[in-house]
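*Asks:* Below is one structure. I have some questions about it.
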Amino acid sequence: MNILIKSAKIIDPKSEFHNTTQDLLIEKGVISQIGHQLKNPKKYQEIKFENLHISQGWFDSSVCFGEPGFEERETIKNGLKTAAASGFTTVAMNANSSPVIDCNSDVTFVTSKGENNAVKLLPIGALTKDSHGEDLAELFDMKSAGAVAFYDYQKPISNANLMKLALQYTSNFNGLVCSFPQDNRITGLGVMNENITSTSLGLKGNPNLSEELQVSRDLFLLEYTNGKLHIPTISTAGSVDLIREAKKKKLDVTCSVAIHNLFFTDDILNDFNTAYKVSPPLRIQKDVDALLEGIKDGTIDMVTSDHNPIDIEHKKVEFDHAKNGTIGLESAFGALQTMFTLKKTIELLTKGKSRFGVEQTPINIGNTLNITLFNPDTKYTFSANDILSKSKNAIFENQNLKGKVYGIISNNKVSLNS
């Protein structure tokens, strides 16, 4: 890959060219020159865009693509195409397929489907067989095949001893255990946040207590086992407090928050729109404020789109019966920019890499090129025309967002939006 990128403002605190506008000459996938008004004697492909900014490639720690088994929702091929168009150079794919990704051959299948793509696909293996929460899956074999973590997507492990064993066993090979923060015995049939809004709508509520009990239990188990834990998509003020205290104890724990849990509160459900039915549910402003503070002080390590395509047959039904989930890759950058500065947005989109074993590649001479290209200033209303996923369950539809992605250059490939 030989290209010349013209007049790009570099947003990368780890680069010596941070916050400067430069030309970049890339030869055989490696940055050979960075400077002003670079010449192009070999007539390489030139890349120019209005108000072009570049950063290290973005990472999402929680995406679902359906395949194998739910190709009507999404395929790996189109999912990776969507990720590239949305600015992500690496994504970690959850195991909620059919069959569930719970053995070496399943991980190998997913890895092979993601080969020769601009976006690097990292498989997350199931923590338990078939994600049933009864017996541990083939964790070491999956790690050997390329699994970066183990997670029964949005299915909590109710058996505390099983979670203890998972943390102990994976510590032998530096495996990362993910635990969904919900106690189903407390949640019961709750379909939205338990609060005045759920009462007024006549819908069963899912209380903060359900999440915080599970987080508290898992942190106790982590302290006992000295394992390695990631708590995905927390949503309550209490969870932020618990994880903050655990980090003060130097426990090996990280956590993430879904972008929509930072953007919306539960009062948006007054019209029973199932696009807003997600797990964990949208909470109240007090929780949103605590999550934002957790991001500010570093308690929350990363954000995720928690991209989860759901076919129309499971979304356009009565609220009680609709499946949880929203697509989010396409809207992630634009939504974050309405809440944070550009510097903070880019930090959040790249911060979780090391936890999942993704290499950081600063934009410096001699490094392999792995970047996202974007215009941070474009304002628009997210609409159906912006949806690239096969499923159309977009929580951000009709929201005013900021920032346009031009594409990515990574894995020695150029993928630019038309």
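*Asks:* Does the stretch 182-195 include one or more residues that are modelled with pLDDT of 95 or more, under 29 Å from VAL110 (Cβ atoms) and crowded, with 20+ Cβ neighbours inside 10 Å?
*Replies:* yes
*Asks:* Taking the condition open to solvent by less than 20 Å² (accessible area, probe 1.4 Å), in contact (Cβ under 8 Å) with a residue 12 or more places away in the chain and out of contact with any Pro (no Cβ under 9 Å at 6 or more places or on another chain), does LEU136 pass?
*Replies:* Working: open to solvent by less than 20 Å² (accessible area, probe 1.4 Å): no; in contact (Cβ under 8 Å) with a residue 12 or more places away in the chain: yes; out of contact with any Pro (no Cβ under 9 Å at 6 or more places or on another chain): yes.
So LEU136 fails the test.
*Asks:* Within the stretch 363-379, does at least one residue satisfy the condition of being under 25 Å from ILE268 (Cβ atoms) and open to solvent by 10 Å² or more (accessible area, probe 1.4 Å)? Break it down stepwise before answering.
*Replies:* Within the stretch 363-379, the subset under 25 Å from ILE268 (Cβ atoms) is 378-379.
Going one step further and asking which of them are open to solvent by 10 Å² or more (accessible area, probe 1.4 Å), we end up with 378-379.
Yes - at least one qualifying residue is present in the stretch 363-379.
*Asks:* Looking at (1) open to solvent by 10 Å² or more (accessible area, probe 1.4 Å); (2) at negative phi; (3) among the small types (Gly, Ala, Ser), which is the one condition that is false for GLY328?
*Replies:* The number of the failed condition is (1).
*Asks:* Only residues that are touching a strand residue (DSSP E or B) at 6+ places or on another chain (Cβ under 6 Å), surrounded by 20 or more Cβ atoms within 10 Å (Cβ to Cβ) and not in a loop (DSSP other than H, G, I, E, B): list them for the stretch 336-354, please.
*Replies:* Those that are touching a strand residue (DSSP E or B) at 6+ places or on another chain (Cβ under 6 Å), surrounded by 20 or more Cβ atoms within 10 Å (Cβ to Cβ) and not in a loop (DSSP other than H, G, I, E, B): ILE346, LEU348, LEU349, THR350.
*Asks:* Go through (1) closer than 28 Å to ASN78 by Cα; (2) of a type outside the set (Val, Ile, Thr); (3) buried (at least 22 other Cβ atoms within 10 Å of the Cβ) one by one and return the number of the condition ALA166 breaks.
*Replies:* (1)
*Asks:* Any residue in the stretch 109-125 that is among the aromatic types (Phe, Trp, Tyr) sitting within a Cβ distance under 8 Å of a residue that is open to solvent by 10 Å² or more (accessible area, probe 1.4 Å) and not in a strand (DSSP E or B)? List the pairs, counting only those 6 or more apart or interchain.
*Replies:* PHE109/PRO68
*Asks:* Pairs, please: C-beta under 7 Å, at least 6 apart or cross-chain, first residue farther than 12 Å from ALA149 by Cα and in the stretch 90-108, second among the acidic types (Asp, Glu)?
*Replies:* VAL91/ASP60; SER97/GLU67; PRO99/ASP106; VAL100/ASP130; CYS103/GLU138; CYS103/ASP141; ASN104/GLU138; ASN104/ASP141
*Asks:* Which residues, counting only those in the stretch 380-404, are in contact (Cβ under 8 Å) with a residue 40 or more places away in the chain and part of a helix (DSSP H, G or I)?
*Replies:* Hit for the stretch 380-404 is ASP386, nothing else.
*Asks:* Among the numbered conditions (1) modelled with pLDDT of 95 or more; (2) open to solvent by less than 10 Å² (accessible area, probe 1.4 Å); (3) more than 17 Å from the chain's Cα centre (by Cα), tell me where GLY29 comes up short.
*Replies:* Unmet condition: (1).
*Asks:* I would also like to ask the following. Name the residue, out of SER112, SER86, SER97, SER105, that is among the small types (Gly, Ala, Ser), open to solvent by 30 Å² or more (accessible area, probe 1.4 Å) and closer than 30 Å to VAL405 by Cα. Even if it seems obvious, please write down each step before you answer.
*Replies:* Working: SER86 fails: open to solvent by 30 Å² or more (accessible area, probe 1.4 Å); SER97 fails: open to solvent by 30 Å² or more (accessible area, probe 1.4 Å); SER105 fails: closer than 30 Å to VAL405 by Cα.
Sole residue among the options that is among the small types (Gly, Ala, Ser), open to solvent by 30 Å² or more (accessible area, probe 1.4 Å) and closer than 30 Å to VAL405 by Cα: SER112.
*Asks:* Further question on the same structure: Restricting attention to helices (runs of 4 or more DSSP H) lying wholly within the stretch 208-293, give those where 1 or more residues are under 26 Å from LYS353 (Cβ atoms), of a type in the set (A, V, I, L, M) and in contact with a Lys or Arg (Cβ under 9 Å, 6 or more places away or on another chain). Talk me through it step by step, then tell me what you get.
*Replies:* On the way: elements: 208-225, 237-248, 259-263.
Here the list reads 208-225.
The values are calculated or read from the model by the stated rules, or taken from the named source; none is laboratory data. Only a predicted model underlies this, so the values are computations on that prediction, with no experimental measurement involved. Reconstructed Cβ throughout: ideal geometry from the backbone, glycine too, with neighbour counts over all protein chains shown. These accessible areas exclude ligands, DNA and RNA; they are computed on the full protein's heavy atoms, side chains included. Shrake-Rupley method; radii C 1.70, N 1.55, O 1.52, S 1.80 Å.
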